[in-house]
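To start, the structure itself, in structure tokens.
The values are calculated or read from the model by the stated rules, or taken from the named source; none is laboratory data. Note that the structure is a prediction, hence the values are computed from the model and not measured. Ideal geometry is used to build each Cβ from the backbone, glycine not excepted, and the neighbour counts take in all protein chains shown.
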Amino acid sequence: MSQWSKRKDGRENPAINAGPFKLRLPFIHYRFEWPDYFQGLLMCAVDLAAIPLIIELLGMPFEAAMAIVILNGLFYLVHHLLGDPVVPGWITPAIPIVMVYVETFAMGPDRVKALMAFQLMLGLLTVFLGLTKLATKVVNLIPSALKSGVIIGAGIAAITTVFKAGGRFDLFPYTITVAVGVAFYLIYSRHFNKIKDKNQLLALISKLGIFPIILLAVFIAPIFKETNWPDIAWGFSKPDFKVLLNEYTVLGVGLPPLKMFITAIPTVLAAYIILFGDVLQSQAILEEADEKRPDEKIDYNPNRAHLIFGGRNSIMSFIGPDITMCGPLWAAMHVVIVERYKQGKKAMHSIIGGSGSFRWGTNTGLLLLPIVSLVKPILGVALALTLIIQGFVSVRIGVMESKSQKDLGIAGVIAAVLVAKGASWAFAVGILLVFLLYGKNFFKDGGEDKPNQFNIFKK
């Protein structure tokens with residue numbers, strides 16, 4: 001019997017309390033939202049974009065990489081099932097930083113072990129911060145210039161990855177150019193934002209995130225002869241869990257040595273700084289939604305979120321090390337879900353139902369061979385598109401993180417070092433510069449500069 005229908009206005013959806021978690025099952029504790037489910041069927045194409053990256057970095061066969069994507073997809077479900085009302089995703093801005101780190105190790109078992117050590121360290125750190133509720137305090141201790149530099153550097157690294165010699169732009173120049181142009185127009189253009197509400201088709205396109213652009217790429221790439229036309233296959237996906245477990249996990253390569261855990265620390269810290277920004281973004285979006293829907297009380301707990309995505313990263317490091325990592329938020333789709341939620345109870349009964357149904361949909365899509373085979377030729381384009389958009393967002397957010405002109409100057413140096421030499425050198429240079437320029441004001445935002453002197457950000 002459904003319990004969700006008995007929710008009183010102003011209350012949370014029913015749940016089974018389990019310590020810091022709130023267990024909710026589909027159809028029982030929340031209404032299944034079919035529009036979000038069907039949208040998820042299509043948007044699984046973005047999850048699949050991780051495959052070419054895994055293949056490139058780890059030398060993994062397509063079917064084994066597919067197994068990692070499916071495992072990660074199953075763990076996406078844990079968020080809403082345990083009470084976290086978000087659409088989870090990758091730690092996208094941190095991907096280039098991790099790429100730079102793992103590429104310092106030889107292709108093969110050493111590189112797999114390095115990624116394994118990194119992901120386990122990141123997972124354990126976030127679980128610890130979730131248990132102790134120290135996340136905010138730890139992040140606030142990091143000087144703004146250092147945070148700004150890491151985030152800007154991550155953005156630049158993301159774009160550099162696409163446009164470097166032999167990168168994805170060289171493989172799909174025309175497709176990426178058209179796809180990125182259309183994507184930026186649809187997502188960031190003031191003109192499109194004005195006209196979309198006057199046309200139902202444009203309004204629908206705006207709510208589908210980057211999927212319409214990926215679908216466009218399916219047709220553009222063959223036209224420009226950058227790929228073949230999709231060879232649509234029927235049936236179900238065939239992930240190779242045997243190869244994954246025997247050749248790319250602890251069962252096949254063994255545990256990483258202690259040295260790898262130590263060398264991973266700077267990259268882990270850099271990734272966490274970026275990750276924490278996603279947590280804050282999740283909270284801000286849901287607080288806005290809560291104001292629009294007084295009929296449901298939304299319970300977003302950052303500490304609970306830390307436990308969930310920290311646990312995901314820890315487990316995946318053993319059974320399927322993933323270069324995209326297990327993040328707290330898929331920002332684009334989370335916004336799409338929340339916007340539909342704001343339309344009222346008839347449109348979406350509960351935010352848990354919307355985010356959960358969407359992720360049930362992506363998991364179903366990953367298993368359907370017609371969808372996988374349709375987008376397989378342009379997965380590299382999908383990844384390039386994701387990295388470029390994320391690069392744009394990261395640079396913008398990173399600049400705003402600086403509290404003074406001096407902060408921004410330091411951040412620029414840190415970002416450049418991060419791209420050229422990796423997180424370890426970036427942290428070393430950043431700490432030295434902040435100390436030399438600010439001295440005893442090391443932990444004060446903007447050092448001796450006042451925020452109102454930062455004229456370039458005045459409205």
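See the values below:
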read-out: Residue match in region 156-164 (condition: among the hydroxyl-bearing types (Ser, Thr, Tyr), over 19 Å from the mean Cα position of the chain (by Cα) and surrounded by 17 or more Cβ atoms within 10 Å (Cβ to Cβ)); value: no
read-out: Segments classed as helices (runs of 4 or more DSSP H), wholly inside region 360-422, with at least 2 members that are in contact with a Lys or Arg (Cβ under 9 Å, 6 or more places away or on another chain); value: 379-401
read-out: Which listed residue is touching a Pro at 6+ places or on another chain (Cβ under 6 Å) and either of a type in the set (D, E, K, R) or part of a helix (DSSP H, G or I) (or both), from 278, 299, 290; value: 278
read-out: Count of region 316-337 residues which are in a helix (DSSP H, G or I) and either surrounded by 23 or more Cβ atoms within 10 Å (Cβ to Cβ) or touching an Asp or Glu at 6+ places or on another chain (Cβ under 6 Å) (or both); value: 5
read-out: Cross-chain or 6+ apart pairs with Cβ under 8 Å, region 164-179 first and of a type in the set (A, V, I, L, M), then outside any helix (DSSP H, G or I); value: 171/226
read-out: In region 210-239, the residues that are closer than 17 Å to residue 366 by Cβ and not aliphatic (A, V, I, L, M); value: 211, 230, 234, 235, 236, 237, 238, 239
read-out: Close pairs from region 44-69: first touching a residue at least 60 places away in the same chain (Cβ under 8 Å) and assigned to a loop (DSSP other than H, G, I, E, B), partner hydrophobic (A, V, I, L, M, F, W, C) and surrounded by fewer than 22 Cβ atoms within 10 Å (Cβ to Cβ), Cβ under 7 Å, at least 6 apart; value: 61/243
read-out: Residues of region 30-43 that turn out to be buried (at least 24 other Cβ atoms within 10 Å of the Cβ) and over 24 Å from the mean Cα position of the chain (by Cα), as a count; value: 1
read-out: Subset of region 185-201 that is assigned to a helix (DSSP H, G or I) and under 23 Å from residue 388 (Cα atoms) - its residue that is nearest to the chain's Cα centre (by Cα); value: 187
read-out: Single residue of 437, 379 found to be within 30 Å of residue 214 (Cα to Cα), at pLDDT below 90 and either buried (at least 22 other Cβ atoms within 10 Å of the Cβ) or more than 23 Å from the chain's Cα centre (by Cα) (or both); value: 379
read-out: Residues of region 191-210 that turn out to be surrounded by fewer than 12 Cβ atoms within 10 Å (Cβ to Cβ) and at pLDDT below 85, as a count; value: 7
read-out: Residue among 274, 220, 213, 298 that is touching a residue at least 40 places away in the same chain (Cβ under 8 Å) and either surrounded by fewer than 20 Cβ atoms within 10 Å (Cβ to Cβ) or touching a strand residue (DSSP E or B) at 6+ places or on another chain (Cβ under 9 Å) (or both); value: 298
read-out: Filter result for the condition that a residue is within 30 Å of residue 403 (Cα to Cα) and out of contact with any Ser or Thr (no Cβ under 6 Å at 6 or more places or on another chain), over 143, 173, 96; value: 143
read-out: Region 44-98, residues that are surrounded by fewer than 22 Cβ atoms within 10 Å (Cβ to Cβ) and at pLDDT below 90; value: 52, 56
read-out: Set 356, 310, 327: member being at pLDDT 90 or above and over 16 Å from the mean Cα position of the chain (by Cα); value: 356
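Per-residue answers, yes or no, for (1) on the phi < 0 side of the Ramachandran plot; (2) touching a Phe, Trp or Tyr at 6+ places or on another chain (Cβ under 8 Å):
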residue: 53; (1), (2): yes, no
residue: 59; (1), (2): no, no
residue: 71; (1), (2): yes, no
residue: 74; (1), (2): yes, no
residue: 85; (1), (2): yes, yes
residue: 91; (1), (2): yes, no
